[in-house]
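Working notes, beginning with the structure itself.
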Amino acid sequence: MKVELQQIDKHFGSVHANDHITMTIPAGTIQGILGENGAGKSTLMKILSGFIQADSGVIKLDGKKVVIHTPDQAIHHGIGMLHQDPLDFPPMRVVDNLVVGSPGGLVPNKKEAIAALKKLQERFGFQIDPDAYVETLTVGERQQLEILRLLWLGARVLILDEPTTGISASQRLKLFDTLRKLAADGMTVIFVSHKLEEVEVLCHRIAVFQRGRMVGEAKPPYVTTKLVEMMFGKAITLDERAPCATCDPVLKVEHLEVEDTRLHICDINLEVCRGEVIGLAGMEGSGQRMFLRTLAGLTRPVGGKVIVHDKTLTGKTYASFRKAGVTYVPASRLEEGLISGLSLTEHFILAREQKGFIINRDAAVKETEENIDQFFIRGKPETHVEALSGGNQQRALLALQRQDVDVLLIEHPTRGLDIESSIWIWSKLKARCQLGATIVFISSDLEELLHYSDRILVFFGGKVSEPLDAGTTTVDQLGQLIGGLGMKS
Amino acid sequence: MDNNILVGLAGVLAAAAPVVFAAIGETFTERAGIINLSVNGTILLSAMAGFATSLVTNNLILGFLVGAIIGALVALLVAFSSITLKQSQVAVGFVLTLMTRDLAYFLGNSFMGQAGPRIPPLNIPLLQDIPILGTLFFKQDIIVYTSFILIVVSQWWIFSTRQGLLLQGIGERPAAAFVRGANVNKLRYLYTMLGGALVGLAGPMFSLSVKAGWKGTISGLDGIGWIALAITIFGGWNPVRVALGAYLFALLQWLGLVLQPSLPNIPSQVLQVAPFPLMILTLLLVNIGNAEWVERWLAGMPAPLRRVVAKVLRAMRTSPPASLGVPFENE
């Protein structure tokens, strides 16, 4: 289906999220939409899918003008959107998820839904158990389920908003294959991303957004530097890897055994040196998060030892780990890392040791201002953290960490951030390593793992690989290990 | 089995019927994502008003109708202030529960202690002659039968119908329900009022059957609404489990009465009050698996025991609708 957007305009308060955007997408194409965080990509897609309404502008499908007020109407017109965070119901079964909101009588025909699901799964090679609970699926599988649901409801235009955030490399390949198949069948696919390499590989054409405007379009062959310039208005380069010094062990793990309701991993051994960066790779839910939380004392291991600076801390609480110089930076910034409703100043007051009983506001504001400058946070001391963009939240979170920590444990340091923010975050982290800090981080981004780690541990199916040297490993090798190929049994 | 015990147990089923109504009503409301804390006051006001209406008109059905309408109207206030005005559901619920309670005592003054109409027992032919089961289930009155039907129908509605799945959806993740075409706020209004009406029916069930009459502050109804709220949580927002909770509570109360003569050393107040802390204890046990210290403690256990305990805790554990008490906006 051909999609035409004409003069779409949308304000959020004083922010001009979409500034008279006009674009045409022919049927059978995969249209890439590229731009950094806050460029207005998601807003435009939410307007097209009826989630929000434009202030003005016209949407035409196959040349006919349509009015879309709700997601329901959008799907009637054949437009389905896969949201960044799959909008499904985690505690429900897969089949019930499929049925919610589908047309039909009072008692849904689950058998029919399961049959339809199986047929669609065969077409794309997905394997989701219709009776499984959604919360037990990986993010990638939940996306697959949403795609199937939208197709089942008759979508002919599929919008995907940052679909590769949080899914594994193999799932990403599968997703791309699926999208190509759909486009070949005449469907229109709109792929929203801030990741250059993905858009370049997948899309037939690219539109670049910056600050609410469409600033340019491109067709293959793409020139990466040109796209980057369009996105940011300037050129950006990655810095080089620094060689590793001699080893001075800071963190030691001996025969560690961890377990949760689904997974049991035993005999993890690791010695991390001063100034070293260790990457934890693996599909979502392969145990890397549990391992990292164990290193922080947030989860108690069922066997083995965790040693920090020659002190055995196994079974101690996070408070003892913190005292020993360990700090943990969670992935969900607003849920665990920062406190919604508090300003930046108040965060610094909480994070830093205070003298006396009464808060010295002036001093706190001064320190906050210094950190805002130093960490390039776009915000004021009195700005509430939930009002910051993702990149600025991550910078704030980093600024809040104590300067004297030896061991930084980080979940997804750059998830959802654009290239510029990611490079910046890592430059700060690397600077800390130079000063002797040790970093252990989880990521699903293979490039990030290979580029910034010294060694990588791969988690798969309840097992952990020997540490790999990141310098001599390729993306393909790492991808295969994550997918379980070549893992020692 | 001793006939006295059977009759006693049948009495437990009857005494629990209003609590079943109130707790299942609250289950519907909370499944939709709204907390209606006015249950306690609503029950008192609708008990008084239902009794007064039936007394004046000599019509039992009208009494129940008035009860349901009062419940729905109080719920409408909760819905309006929380959905449309986006006010705190907890604060509004608290104020309403206090207001409706005092209103019940104030307006009910002139009806205090009067003898009024009462629902007659209705034995079901043939079925009442089944040994044991007949006495337990089929020599009751119409409201007990209705409570049985309510349990089955609400369980079926929530878990087997398209509308029920959508109900789960709007309480769990309203944004996801919205993209599936649900009018989230309209449905929340509807289910809050439906839940309120069911809570409102619990009042006349007391004043026209279980504890017939209106005796003001000594009616013995104050507190029941809070128990119904606790039972909703204990039952994990699942009608069958909620009903079991109501029966457990009624059973504990009955045991308190029965055991009193054989335990003369224990002050009678202890046995009267015992069901309340016991309910709290049960709640605690059911949800203990959520606690972090329990997880830590589990990790220190030997492996086979650990797995068994973890499994049991997981099976008992319940989690509330994820968006309970959170207003929905699509931007």
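The values are calculated or read from the model by the stated rules, or taken from the named source; none is laboratory data. What you are looking at is a predicted structure, and each value in this text was computed from that prediction instead of being measured. Because the Cβ atoms are built from the backbone with ideal geometry, glycine has one as well, and the counts that use them run over all protein chains shown.
Filter the range A:305-344 down to residues that are in a loop (DSSP other than H, G, I, E, B) and either in contact with a His (Cβ under 8 Å, 6 or more places away or on another chain) or not charged (D, E, K, R) (or both), then give me how many there are.
Total satisfying the criteria: 15.
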(request) Go through A:R395, A:R415 for me and flag whichever is part of a helix (DSSP H, G or I), basic (K, R) and under 26 Å from A:L34 (Cβ atoms). (result) A:R395
(request) Name every residue in the range A:363-392 that is without any contact (Cβ under 8 Å) to a residue 60 or more places away in the chain and in a loop (DSSP other than H, G, I, E, B), in order of residue number. (result) A:F375, A:F376, A:I377, A:R378, A:G379, A:K380, A:P381, A:E382, A:T383, A:L388
(message) Against the conditions (1) modelled with pLDDT under 90; (2) more than 12 Å from every other protein chain (Cβ to nearest Cβ); (3) surrounded by fewer than 17 Cβ atoms within 10 Å (Cβ to Cβ), where does A:F12 fall short? Just the number, please.
(response) (2)
(message) Looking at A:A74, A:A54, A:A113 in this structure, which one is farther than 24 Å from B:L167 by Cα and not in a strand (DSSP E or B)?
(response) A:A54
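Filter the range A:65-78 down to residues that are more than 12 Å from B:R180 (Cα to Cα) and of a type in the set (V, I, T) and give me whichever is nearest to the other protein chains (Cβ to nearest Cβ). First the steps, then the outcome.
Going through the range A:65-78, the residues more than 12 Å from B:R180 (Cα to Cα) turn out to be A:65-69, A:77-78.
Still in the running and of a type in the set (V, I, T): A:66-68.
Numbers: A:V66: 17, A:V67: 16, A:I68: 12 Å.
Out of the qualifying residues, it is A:I68.
Does A:E257 satisfy being within 27 Å of B:G300 (Cβ to Cβ), within 14 Å of chain B (Cβ to nearest Cβ) and surrounded by 14 or more Cβ atoms within 10 Å (Cβ to Cβ)? So that I can check it myself, show each step before the final result.
Details: within 27 Å of B:G300 (Cβ to Cβ): yes; within 14 Å of chain B (Cβ to nearest Cβ): yes; surrounded by 14 or more Cβ atoms within 10 Å (Cβ to Cβ): yes.
Yes; evaluated as a whole, the condition is true for this residue.
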(request) Inspect all residues belonging to the range A:408-423 and state whether any of them is modelled with pLDDT of 85 or more, under 19 Å from A:Q288 (Cα atoms), buried (at least 17 other Cβ atoms within 10 Å of the Cβ) and charged (D, E, K, R). (result) yes
(request) Could you grab me the full set of residues in the range B:275-331 that are away from chain A (no Cβ under 11 Å), in a helix (DSSP H, G or I) and of a type outside the set (A, V, I, L, M, F, W, C)? (result) B:P275, B:P277, B:T282, B:N287, B:N290, B:P304
(request) Please give the number of the condition A:G275 fails out of (1) over 25 Å from the mean Cα position of the chain (by Cα); (2) assigned to a strand (DSSP E or B); (3) in contact (Cβ under 8 Å) with a residue 60 or more places away in the chain. (result) (2)
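What number of residues within the range A:77-92 are assigned to a loop (DSSP other than H, G, I, E, B) and in contact (Cβ under 8 Å) with a residue 12 or more places away in the chain?
Of the residues in the range A:77-92, the ones assigned to a loop (DSSP other than H, G, I, E, B) are A:77-78, A:83-92.
So of that shortlist, the ones also in contact (Cβ under 8 Å) with a residue 12 or more places away in the chain come out as A:77-78, A:83-84, A:86-92.
Result for the range A:77-92: 11.
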(message) Out of everything in the range B:156-204 that is away from every other protein chain (no Cβ under 12 Å) and among the hydroxyl-bearing types (S, T, Y), what residue ends up being surrounded by the most Cβ atoms within 10 Å (Cβ to Cβ)?
(response) B:T192
(request) Hey, could you check the range A:83-123 for residues that are more than 10 Å from every other protein chain (Cβ to nearest Cβ) and under 24 Å from the mean Cα position of the chain (by Cα) and say which is surrounded by the most Cβ atoms within 10 Å (Cβ to Cβ)? (result) A:V94
(request) Go over the candidates B:R188, B:R101, B:R118, B:R180 one by one and state the one that is more than 24 Å from the chain's Cα centre (by Cα) and of a type in the set (D, E, K, R). (result) B:R180
(request) State all residues of the range A:323-345 that are under 14 Å from A:Q401 (Cα atoms) and free of Cβ contacts under 8 Å to residues at least 12 places away in the same chain; if no residue qualifies, say none. (result) A:K323, A:E336
(request) Scan the range B:209-227 for residues that are part of a loop (DSSP other than H, G, I, E, B), hydrophobic (A, V, I, L, M, F, W, C) and under 23 Å from B:N36 (Cβ atoms) and jot them down. (result) B:L221
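Restricting the search to the range A:28-43, which residues are away from chain B (no Cβ under 14 Å) and either part of a loop (DSSP other than H, G, I, E, B) or within 29 Å of A:R378 (Cβ to Cβ) (or both)?
From the range A:28-43, those away from chain B (no Cβ under 14 Å) are A:28-41; that's our starting set.
The answer is A:G28, A:T29, A:G32, A:I33, A:L34, A:G35, A:E36, A:N37, A:G38, A:A39, A:G40, A:K41.
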(request) For residues that are free of Cβ contacts under 8 Å to residues at least 60 places away in the same chain, hydrophobic (A, V, I, L, M, F, W, C) and more than 14 Å from chain B (Cβ to nearest Cβ), tally how many sit in the range A:45-64. (result) 2
